[in-house]
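See structure below.
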Amino acid sequence: MLVVSVLFASVNGAYHIDPTRLLMWLVGAESMDEVSRNVWVNIRMPRIVLGVIAGASLGIAGAVMQALFRNPLAEPGLVGLSAGASLGAVIAIVLTSGGLVLIAGAAFIGSLGATYLAYFLGRRSHSVSGLLLAGIAINTIVGSLMGLLIINANDAQLRDLTFWNMGSLAGANWSMINFLAPWTLLMVALLLIRWKALNALLLGEREAFHLGYSLSSLRWQLITLVALTVGPIVAVTGGIGFVGLVVPHLVRLWMGSDHRWVLPASALGGALALTLGDWLARVLIAPSELPIGLVTSLIGGPFFIWLLIRGKR
């Protein structure tokens, strides 16, 4: 389904590409005009591949956080990751000349800094509730700091901040993909092999301890891997909500709680959701486009409410 979605999204948009001619060109049986080739190779495919990478990262990170907190409402932003990235981006936009590289770098540093601060503050507690409370406190403080910086922003900086917070895959290019793809594959693989530990956490922290897991070490490993997986993605795409929350929740409803299957299914589900979400963002008001974070929130929010209502019944 993901492959079909990628092919579908790659030929549909403000500029339509004939899928038959594309397939013939891919197998070397026919040539394709230069405009279609440039749109497909240099604009659309990098964007779709970034969507697949970002969706897979958000999906598997959400599944890990929900297992760590034993809460289906958990996501990477719970420990301050998204707020830290936003603060880094605000600092780069308001206090410097801006630019994608500077904003992405500042957002990455901010996401890691906020996540590790939450971990170090929360580790004094013997349970995961300390980490949760530290994450809530950091989210609140970061929100206040962002407000102070935004007060001093001019109109152009406010516009940049607004669009960064709503998320976009429009900045994708092959150089970015060449860095992100192997890094994300490595992080996803390291998360996948921890499925046994996540299954043990679902039984309870005491049970996981008696099964031989060092809880403080396990929390440190999981938080670090989630931060290193999602941090670079948030840095280049901006805020994209609900993928890390809704997709693992749906996967768990569909196939149960065994993380041997939940983790890879969440990664594939997240990639599928973001591929289709980006396609909608490109075609709904074509030739203009909507921020992808706006699309995922518009679809994910009501859908999650429907899930909650359905769960009560």
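Being part of a loop (DSSP other than H, G, I, E, B) and in contact with a Phe, Trp or Tyr (Cβ under 9 Å, 6 or more places away or on another chain) is the filter; apply it to the range 115-155 and report the residue that is least open to solvent (accessible area, probe 1.4 Å). My answer is Val128. Do we find a residue being assigned to a helix (DSSP H, G or I) and in contact with a helix residue (DSSP H, G or I) (Cβ under 8 Å, 6 or more places away or on another chain) anywhere in the range 284-292? Yes, the range 284-292 contains at least one residue that is assigned to a helix (DSSP H, G or I) and in contact with a helix residue (DSSP H, G or I) (Cβ under 8 Å, 6 or more places away or on another chain). Picking from residues in the range 43-74 that are under 18 Å from Ile136 (Cα atoms) and among the polar types (S, T, N, Q), the one that is nearest to the chain's Cα centre (by Cα) is Gln66.
Being crowded, with 24+ Cβ neighbours inside 10 Å, of a type in the set (S, T, N, Q) and at pLDDT below 90 is the filter here; which residues of the range 36-67 pass it? The answer is Gln66, and nothing else.
For residues that are in a helix (DSSP H, G or I) and under 13 Å from Arg47 (Cβ atoms), scanning just the range 156-176, find the one that is least open to solvent (accessible area, probe 1.4 Å). So, considering only residues that are in a helix (DSSP H, G or I) and under 13 Å from Arg47 (Cβ atoms), the one least open to solvent (accessible area, probe 1.4 Å) is Met176. Residues in the range 75-96 that are outside any helix (DSSP H, G or I) and either crowded, with 24+ Cβ neighbours inside 10 Å or of a type in the set (Lys, Arg) (or both): Glu75, Gly80. A residue that is surrounded by 23 or more Cβ atoms within 10 Å (Cβ to Cβ), touching a residue at least 12 places away in the same chain (Cβ under 8 Å) and assigned to a loop (DSSP other than H, G, I, E, B) occurs nowhere in the range 222-233. Of all residues in the range 112-140, those that are within 12 Å of Arg219 (Cα to Cα) have Cβ atoms under 7 Å from Cβ atoms of residues that are at pLDDT 80 or above and open to solvent by 50 Å² or more (accessible area, probe 1.4 Å), 6 or more apart or on another chain, in Tyr119/Trp220; Gly122/Leu133; Arg123/Ser216. Is it the case that some residue within the range 56-69 is more than 18 Å from Phe242 (Cβ to Cβ) and in a helix (DSSP H, G or I)? Checking the range 56-69: at least one residue is more than 18 Å from Phe242 (Cβ to Cβ) and in a helix (DSSP H, G or I). When residues in the range 166-193 are screened for being closer than 16 Å to Thr275 by Cα and among the β-branched types (Val, Ile, Thr), 1 of them pass. Note on the range 15-35: residues that are surrounded by 13 or more Cβ atoms within 10 Å (Cβ to Cβ) and assigned to a loop (DSSP other than H, G, I, E, B) amount to 4.
Criterion applied to Arg260, Arg252 was being touching a residue at least 60 places away in the same chain (Cβ under 8 Å), charged (D, E, K, R) and open to solvent by 70 Å² or more (accessible area, probe 1.4 Å), and the one residue passing it is Arg260. Within the range 108-138, the set of residues being closer than 17 Å to Gly238 by Cβ and not small (Gly, Ala, Ser) comprises Phe108, Ile109, Leu112.
The values are calculated or read from the model by the stated rules, or taken from the named source; none is laboratory data. Note that the coordinates shown come from a computational prediction; the quantities given were computed from them, not determined experimentally. No Cβ is skipped: glycine too gets one built from the backbone with ideal geometry, and neighbour counts run over all protein chains shown. For accessibility, only protein heavy atoms count, side chains too; no ligands or nucleic acids. Shrake-Rupley method; radii C 1.70, N 1.55, O 1.52, S 1.80 Å.
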